[in-house]
Amino acid sequence: MKARSRAASSSTRASSTSTSRPIKSIRGAGTWADSVGVGSLLPGADLVLPSLWEAVAGTREVEWGVQRADGKFEFTAEMARCWQWKDELPERGLALVGKHFGRWAAVIAPRLAGAAYAAAAERRESLTALQHEVVDAVRQQGPCTGPGWGAIAVGLVERLWELPAVAEPQLDLARAVVASSGELSAADLGGALGWRLRPARETLDDLVDRGEATRRTDGEIVLYRSV
């Protein structure tokens, strides 16, 4: 991510932005989340997922700020939308946003909230004593911010969403990632969902066996694509 001066913004943006129609409203962002199933807030070098930033800005190059005449920085219009919508999407029930699969912020469609929660059962069972104390505090008091920075509040999925039982959560999540990411490897899927390589490969092979995906070999890499 980078910042730039306001004077340079017009030419830089024109050369790096695609011609696709950018999202301009929170409802449009919700529609985008439902269409991709699982995405990210911002693009990452190792992430195959589509990002809300790209849908808003039309480019993978993230420009977080512009420098004003007084030397101070402020968000670009695109980053301001993404930063605001990360809170508004869950508040309006349009998407689940948070670090559900790794250190990056995921954007998950409501139809997959139950799958994301169910798939994280093993992680919840391995919480430390301190983490359980944090969970109890949030359960009692609602979303809480960390010390020193109030820009991000942490809440509990089960407090905000209805979570129906899901029979095959891993398969549901994998289907969404394969469908929205084009062709990908087991390592790509693992990076997108925070899984180890073996379960990622087994899940993709299961989709192939069910006739929902195809598999091909490119050199030493096995690649999968949604049917």
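Taken together, the values in this text are just the output of simple stated rules run on the coordinates, not laboratory data. Every value quoted in this text rests on a predicted model; they were computed, and no experiment measured them. Glycine also receives a Cβ, built like all others from the backbone with ideal geometry; neighbour counts cover every protein chain displayed.
Given R₀ = 22 Å, FRET efficiency for Arg60-Asp34 by Cβ-Cβ distance, to 0.05? It comes to 0.50. Taken about its Cα centre, the chain carries a charge dipole of about 760 debye when Lys and Arg each add +1 at the Cβ and Asp and Glu each add -1 at the Cβ. Per-residue 3J(HN,Hα) values for segment 47-59, derived from phi via the Karplus relation 6.51 cos²θ - 1.76 cosθ + 1.60 with θ = phi - 60°, read 9, 8, 6, x, 10, 4, 4, 4, 5, 8, 9, x, 8 Hz in sequence order (x marks Gly and Pro). Each of Glu212, Glu133 was scored by other Cβ atoms within 10 Å of its Cβ. Arranged with the fewest first, they read Glu133, Glu212.
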